[in-house]
Amino acid sequence: MDLASAVAAVPGTLSAAAGVPDMECQYATWSDAPQGVRVMIVAGVVERVEIHDPSIATAAGARVGDAVERIETLYAGRVRRTPHKYTDGSYLTVVAVPPADTLHRLVFETDGTRVTTYRAGRIPAVEYVEGCA
């Protein structure tokens, strides 16, 4: 979704910093976002949403704090587990349905036992390990 469409779709204000080069990655400021939600903008397009708050669940009911096994059960047959880049945890990447959707992913970061954060969005931005760094 482009930034203008996102601005019209969410409550409050959603804005990206002025003067940032078109292809740059940045986090939008969203006045009415629930605590623990971040919106990544790349080239003027919302590319991913990050969730750090355990009170916010996915449509399937997954949330920060859930056990790895719960994620694997909720998304059975669609989870790819890979080692975390910086910790002893892992990334649990959920492939979207239908299988023809090759652009969207749901990525849960874990400490090896529990979900510490998750994000949803389009490849490649959803898979950026360090966000906009």
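The values are calculated or read from the model by the stated rules, or taken from the named source; none is laboratory data. Predicted model only: the values in this text are computed from it and were never measured. FYI the Cβ positions are ideal-geometry reconstructions off the backbone, even for glycines, and counts take in every protein chain you see.
Out of T82, T116, T73, report the one residue that is on the phi < 0 side of the Ramachandran plot and in contact (Cβ under 8 Å) with a residue 12 or more places away in the chain. Lay out the reasoning, then the answer.
Details: T82 fails: in contact (Cβ under 8 Å) with a residue 12 or more places away in the chain; T73 fails: in contact (Cβ under 8 Å) with a residue 12 or more places away in the chain.
Checking each option against the conditions leaves just T116.
Condition first: exposed (fewer than 14 other Cβ atoms within 10 Å of the Cβ) and closer than 30 Å to T29 by Cβ. Now tell me which residues in the stretch 58-82 satisfy that.
Passing the criteria: A59, A60, G61, G65.
For residues that are closer than 17 Å to V37 by Cα and of a type outside the set (D, E), tally how many sit in the stretch 49-78. Before you say what the answer is, go through the steps one by one.
Applying the first criterion (closer than 17 Å to V37 by Cα) to the stretch 49-78 yields 49-59, 61-65.
Now narrow it down to the ones that are of a type outside the set (D, E): 49, 51-52, 54-59, 61-65.
Result for the stretch 49-78: 14.
Test V94 against the stated conditions and say whether it is modelled with pLDDT of 95 or more, more than 21 Å from P11 (Cβ to Cβ), surrounded by 14 or more Cβ atoms within 10 Å (Cβ to Cβ) and over 16 Å from the mean Cα position of the chain (by Cα). Lay out the reasoning, then the answer.
Values: modelled with pLDDT of 95 or more: yes; more than 21 Å from P11 (Cβ to Cβ): yes; surrounded by 14 or more Cβ atoms within 10 Å (Cβ to Cβ): yes; over 16 Å from the mean Cα position of the chain (by Cα): no.
No; evaluated as a whole, the condition is false for this residue.
If I go through the stretch 89-113 residue by residue, how many of them are in contact (Cβ under 8 Å) with a residue 12 or more places away in the chain and either out of contact with any strand residue (DSSP E or B) (no Cβ under 8 Å at 6 or more places or on another chain) or not in a loop (DSSP other than H, G, I, E, B) (or both)?
16
State which residue is surrounded by the most Cβ atoms within 10 Å (Cβ to Cβ) when the search covers only the stretch 119-133 and only residues that are assigned to a loop (DSSP other than H, G, I, E, B) and at negative phi. Even if it seems obvious, please write down each step before you answer.
So the first thing to find is which residues in the stretch 119-133 are assigned to a loop (DSSP other than H, G, I, E, B), and the list is 123-124, 128-133.
This time we only want the ones that are at negative phi, so: 123-124, 128-130, 132-133.
On the way: I123: 14, P124: 12, Y128: 18, V129: 11, E130: 7, C132: 15, A133: 6.
Among residues in the stretch 119-133 that are assigned to a loop (DSSP other than H, G, I, E, B) and at negative phi, the one surrounded by the most Cβ atoms within 10 Å (Cβ to Cβ) is Y128.
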